[in-house]
Every structure is written in structure tokens, then in C-alpha cells.
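Engineer: Structure incoming, see below.
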Amino acid sequence: MRAAVLRGGAFVVDEVPEPVPGPGQVLVETLATGICGSDLSAYRHTEAFLKASHDSGTTSFVFDPDADLVMGHELCARVLTPGEWEGRTVGGLPWALDATGTLRTIGYSNDFPGGFGSRMVMQTAALVEVPEHVPPPVAALAEPLAVGFGNVARCDLPPGSGAVVLGAGPIGLGATAVLVERGIGPVIVSEPSVRRRGLATAFGAHAGVDPAVRDPFDAWREAAEPGQALTVLECSGKAGMLEEILRKAPRGTTVLLIGACMTEDTFRPVIGIYKDITVRMCLAYPPEEYAHTLRRIADGSVDAAALITGEVGFGGIAAAVDTLSAPDEHIKVLVRPELDGDGVQAP
């Protein structure tokens, strides 16, 4: 099958073996796949990415960096395997079980190629059917948005509280939308990109602030009621953010670390101790939140299409990775196998 392969530290378009589904799995044809910030981390910081998995004992993101890797886990596909799912357009959690029963993440396993290739294997139990009226590129946004939606859902924020969201990429925007949906407010979103701040307010944020111009915690204090509880959602993944939060957040704040910082970081725990700050580190969201997020997209309560700023074929993935480093230029770039060329196209 044709794929964009990460080989020797670069993306190369080549023919690679088609994956073979095992028990409880189906073969699918890729329709659209989002390029995730985690893909950039695995590509640019491969050693640190793998070390984090090894040091944490996490098997689902382990791959051989010297072997071919086909990334892509924000998925929308069509089922090819005969049976009840054949011909259906699906998304789903990007998980697959290998021959030993170990959970692997599609796109971060040498044995389970992702959506940067024309075929994938998916676990039948993880499939969610995409409604006919939802275009595949839009359906592919369910996974990154579900990270924001799902991690807010699992943390059970107190009624009457407010929030500061740091970073307005797809995860931060998903978090913003669900905070507003749950009646949390005010919601202050801190984001350097004008384009992303605009989307944050379109998703219901009380205010979007440029941290170079206005401190988001000052904006929070001006908008909040006296004594109102605060939750800070760190969705940027930038080094130094936890230390900044501990210094600036009010006493008793709850912090959700959702964005993954790939480098070593430094903070002073005693500051958080003195201020009775609670810190939760968030990865996995409840599996049902994927379907809930796709339902929100389908009924129009979340404008996922607004996040899509570019599309590429397999030959344009390298260019897309470079442009995603410029947040004012792009928010989400989708990979579509049928597209030609080596540049990023308008959606």
C-alpha cells in the first residue's frame, strides 16, 4: 500500500506491506487523518518521546525508531473487511491489540500503521459509525476534540466555578467548548495566535487574551466573582507553564495538565503546597467520550470544520509539519490520500 513513512528521521512516500487484521479487527481504507501535536513530538523529539514511554512503563506508544513507522491516529476510514461493518464510514479510538494482547496505539506502532497510509487495521470494538452527513475530514476531528471534552468530563469540575485555558489548539478548543457546555464560567483562554483566539471566543470563551499583552490570571480576576473556584487547564504543552501557574493562580486552584510537555521541566512544589493547589495529569479520557464528541460534531453544537485550515496528500506531510509550527498559519491540517502534490492546500 502507499504511505508516508517516517524513515531515517524524514517522511518518505513509498509502498509498504498492507496490514493484516487479526481476531476482532477489521481492515479499513483511510479517508482522512489529522496531524496531531503528538505526531510532531514523536517526529522531532523521538528519543524523548520513547523515553517517556519507557520511563512510565507505558507500552501503547512504543515503536522501533530504526524501522518504518506510519503515523496518524486522528482517524476517519471506510471498512473493507466483509461483515456487518463492511462499507461503513467509521472513526474510533486509535487502539489495537497485538498478538500478545498488549494495547498499541495506531500510528505509534510499527505493526499498526496509521492514517498516513492508505490502509489500517482497527479494533472492531473501538469503531464508531460516522453519520452520513458528516464529511470524513470533519469526523477526523472527533479524536483531538475528545481529549479536551473527555478530560473535563473525567475531572468533575465544581458547579459555579470558572476556568483559565492555556493554549487554543484543538485540545484547548475542545476543552473550552465543553466548559461552556457545562456552565463553567467565566472561561478565559490564553493563546498567542490571533486566529486561535478568535476560534476560542467563537466556541464560547468569555475572553481570549494574548499572554504577551495581558496576563490571563489578571483577566480572570477581573471577570470572576469574589472567591470563585478556578480550574486551570494547561493545554499548550510548553515547558515552564506549571511553574507559572503555581506562581500566578489563586489559592485552592485545581490544575489539569493535558498538553504533553516532551522536555524536562522545572517547578517549585513548595509554591503549590503553600497555596493548596491540586494538580492532575490527564491522558486517557473515558472511551464513551469519543462517541459523545462525534455526536456533538454531527448535531452542529461544535463547529469542528472551523478548525480545518489545510489539507495535504502523503507527499505534503513534511510541509504540513513545518507549517504547524506557525500557529497563526494553521490550526489543523488533514491528510487525505487522494490528494497530490507536496504542499498544503486550502480545505
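The values are calculated or read from the model by the stated rules, or taken from the named source; none is laboratory data. As the structure is a prediction and not an experimental result, all values here were calculated from the model. When we count neighbours, we look across all protein chains shown, and the Cβ atoms used for this are built from the backbone with ideal geometry, even at glycine. Accessible surface is based on the protein model in full, side chains and every heavy atom, while ligands, DNA and RNA are left aside. Shrake-Rupley method; radii C 1.70, N 1.55, O 1.52, S 1.80 Å.
Engineer: If you take every DSSP beta bridge whose two residues both sit in the chain, what share of them, in percent to the nearest 5, is antiparallel?
Structural biologist: Given both bridge residues lie in the chain, the antiparallel proportion sits at roughly 55 percent.
Engineer: In addition: Show that you can apply the helix-only estimate: for the chain, add -39,500 (n - 2.57) for every DSSP H stretch of four or more residues, divide by all residues, and state [θ] at 222 nm to the nearest 500.
Structural biologist: The helix contribution divided over the chain gives -8000 deg cm²/dmol.
Engineer: So if R0 is 30 Å, what FRET efficiency would E86 and A306 give, r being the distance between their Cβ atoms, rounded to the nearest 0.05?
Structural biologist: 0.40
Engineer: To the nearest 10 degrees, how steeply does helix 142-155 sit against the main Cα axis of the chain, on a 0 to 90 scale?
Structural biologist: 40
Engineer: Once each part is reduced to its C-alpha centroid, what is the distance from the range 83-132 to the range 246-290 in angstrom?
Structural biologist: Here the two parts' Cα centres lie 31 Å apart.
Engineer: Please find, in a Gaussian network model of the chain (springs between Cα atoms separated by less than 10 Å), the residue of W85, W220, W95 whose mean-square fluctuation is greatest.
Structural biologist: Answer for the Gaussian network model of the chain: W85.
Engineer: Further question on the same structure: Please work out the FRET efficiency for the pair T201 and V62, using the Cβ-Cβ distance as r and a Förster radius of 45 Å; give the result to the nearest 0.05.
Structural biologist: So, using R0 = 45 Å, E works out to roughly 0.70.
Engineer: Also, quick follow-up: Within the range 215-264, which GluC sites (Glu not before Pro) sit in a loop by DSSP and count at most 15 neighbouring Cβ atoms inside 10 Å?
Structural biologist: Answer by residue number: E264.
Engineer: Taking the alpha-carbon distance from K275 and a cut-off under 17 Å, which lysines remain once sequence neighbours fewer than 8 residues away in the same chain are dropped?
Structural biologist: In chain and number order, the partners are K248.
Engineer: Under a Cβ-only charge scheme (Lys and Arg +1, Asp and Glu -1), can you give me the dipole magnitude of the chain about the Cα centre, in debye to the nearest 20?
Structural biologist: Dipole about the Cα centre, nearest 20: 940 debye.
Engineer: Here's something else I'd like to know. Here are several values of P(r) over Cα pairs in 20 Å bins from 0, in percent: (1) 33, 59, 8, 0; (2) 31, 57, 11, 0; (3) 32, 62, 6. Which one was derived from the coordinates shown?
Structural biologist: Step by step, P(r) over Cα pairs in 20 Å bins from 0, in percent for this structure corresponds to label (2).
Engineer: Using a probe of 1.4 angstrom, how much of the accessible area of the chain is carbon and sulfur, in percent?
Structural biologist: 52
Engineer: Could you sort S38, S161, S301 by their accessible area in this structure, using a 1.4 Å probe and putting the largest first?
Structural biologist: S301, S38, S161
Engineer: Right, another one. Identify all lysines with a Cα-Cα distance to K51 below 25 Å; exclude those on the same chain that are fewer than 8 residues away in sequence.
Structural biologist: K238
Engineer: Under 18 Å Cα to Cα from K332, which aspartates and glutamates show up? Leave out anything in the same chain fewer than 8 places away.
Structural biologist: Partners found: D39, E74, E143, E191, D303, E311, D322, D342.
Engineer: While we're here: Over the range 195-320, with a single point scatterer placed on each C-alpha, what log10 of the ratio I(q)/I(0) does the Debye formula yield at q = 0.23 1/Å?
Structural biologist: Each listed q corresponds, in turn, to -1.41.
Engineer: Return one whole number: the accessible area per residue of the range 201-289 in Å², for a 1.4 Å probe.
Structural biologist: 55
Engineer: Take the Cα atoms of the range 103-191, find their three principal axes, and give me the spread along each one in whole Å, biggest first.
Structural biologist: Cα extents, longest axis first: 46, 31, 26 Å.
Engineer: Loop only by DSSP, 16 or fewer other Cβ within 10 Å of the Cβ. Give me the GluC sites (Glu not before Pro) in the range 59-113 that pass, ordered by residue number.
Structural biologist: E84, E86
Engineer: Could you tell me the accessible area of L283 in Å² (1.4 Å probe, neighbours in place), rounded to the nearest ten?
Structural biologist: Taking all protein chains as shown, L283 has close to 120 Å².
Engineer: While we're here: Please build a GNM for the chain, connecting alpha carbons under 10 Å apart, and tell me which residue among P82, P216, P170 fluctuates the most.
Structural biologist: Among P82, P216, P170, the largest mean-square fluctuation in the Gaussian network model of the chain belongs to P82.
Engineer: Assuming 0.36 nm per residue, please report the length gained on full extension of the stretch E288 to E329 beyond their Cα-Cα distance.
Structural biologist: Result for the pair: 11.5 nm of gain on full extension.
Engineer: What's the local net charge at L69, with K and R +1, D and E -1, over the other residues with C-beta under 11 Å away?
Structural biologist: -4
Engineer: Using a Gaussian network model of the chain with C-alpha springs under 10 Å, which one of V187, V20, V147 is most mobile by mean-square fluctuation?
Structural biologist: It is V20.
Engineer: Please list, ordered by chain and number, the residues whose modelled amide H lies under 5 Å from the amide H of V165; skip anything fewer than 5 residues away on the same chain.
Structural biologist: So V165 has HN proximity to I188, V189, S190, L233.
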